[in-house]
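Here is the structure we will look at.
The values are calculated or read from the model by the stated rules, or taken from the named source; none is laboratory data. Nothing here was measured: the structure is a model prediction, and the numbers come from that model. When we count neighbours, we look across all protein chains shown, and the Cβ atoms used for this are built from the backbone with ideal geometry, even at glycine. Remember, those area values only see protein heavy atoms, side chains included, never the ligands or the DNA or RNA. Shrake-Rupley method; radii C 1.70, N 1.55, O 1.52, S 1.80 Å.
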Amino acid sequence: MNKIDKKEFYYAGLILLGAAARLAPHPANFTPTGAMAFFSGNKMAGIWAYALPMIILLASDAILGWHSTMLFVYAGFFAATWLGRRCGTSRAGRLGGLGLSSAIFFTVSNLGVWLVSGMYPHNLAGLATCYAVALPFLFNEMAATMLYGTAFFWAASWIEKKAGTPAMAS
């Protein structure tokens, strides 16, 4: 595995702090998980960019409980990490990427709900109903991702000023 440098060690600390917030009481889907995955992709190098969010998801799901849509949820967060690796260092790229990662997570995770929950018929009307019913969760997830993502990148900027030059995942 790749060696983690000093700044990445601090970034990992930010990500772990965000993960702890997933375990605290919160409004539905208002967690730092999406921002954590995107930030990890943007700031962590090598395999750690993907491994850290997935390990955190597994550990927190072991506490919170397993569910039938985990594969879809993890795929959505994997996509957020992948997107984080491609959005560069500009503020606009990161904000756009955070918003897009929320939309991708919403699409993928609710496709999973439709496919495996048994709550909706497996036809176009059932799929449309599934997405319509989930819209309030999209608002919370997107608001949390933007808020926590902004906080993560602000903290990273502070770390980079203290530690020297900015880091970009390679």
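Figures for the structure shown
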read-out: Residue-normalised accessible area of the chain, given per residue in Å² at a 1.4 Å probe; value: 51
read-out: Virtual spin-label span in nm between Met146 and Trp158, 7 Å along Cα→Cβ; value: 2.2
read-out: Degrees between helix 91-116 axis and first principal axis of the chain (Cα, 0 to 90, nearest 10); value: 30
read-out: Extension gain from Leu16 to Thr129, taking 0.36 nm per residue of separation minus the Cα-Cα distance; value: 37.2 nm
read-out: Within the chain, helix-based [θ] at 222 nm, where runs of 4 or more DSSP H residues each add -39,500 (n - 2.57), nearest 500; value: -26500 deg cm²/dmol
read-out: Heavy atoms of Thr89: accessible area, 1.4 Å probe, square angstrom to 10; value: 90
read-out: Protein-only accessible surface order, largest first, of Cys130, Cys87 at 1.4 Å; value: Cys87, Cys130
read-out: Point-charge dipole on Cβ atoms (K/R +1, D/E -1) for the chain, about Cα centre, debye to 20; value: 540
read-out: Length added when fully stretched, Phe9-Arg91, from 0.36 nm per residue minus Cα-Cα; value: 27.3 nm
read-out: Accessible area of the range 55-129 belonging to carbon and sulfur atoms, whole % at 1.4 Å probe; value: 72
read-out: With all protein chains modelled, accessible area of Ile15 [1.4 Å, Å²]; value: 0
read-out: In the range 1-109, trypsin sites (Lys or Arg not before Pro) in a DSSP loop with at most 14 other beta-carbon atoms within 10 Å; value: Lys3
read-out: For the range 100-170 and the range 4-42, distance of Cα centres in Å; value: 13
read-out: Selection from Ala75, Leu95, Pro136, by position along the positive dipole direction of the chain (Cβ); value: Leu95
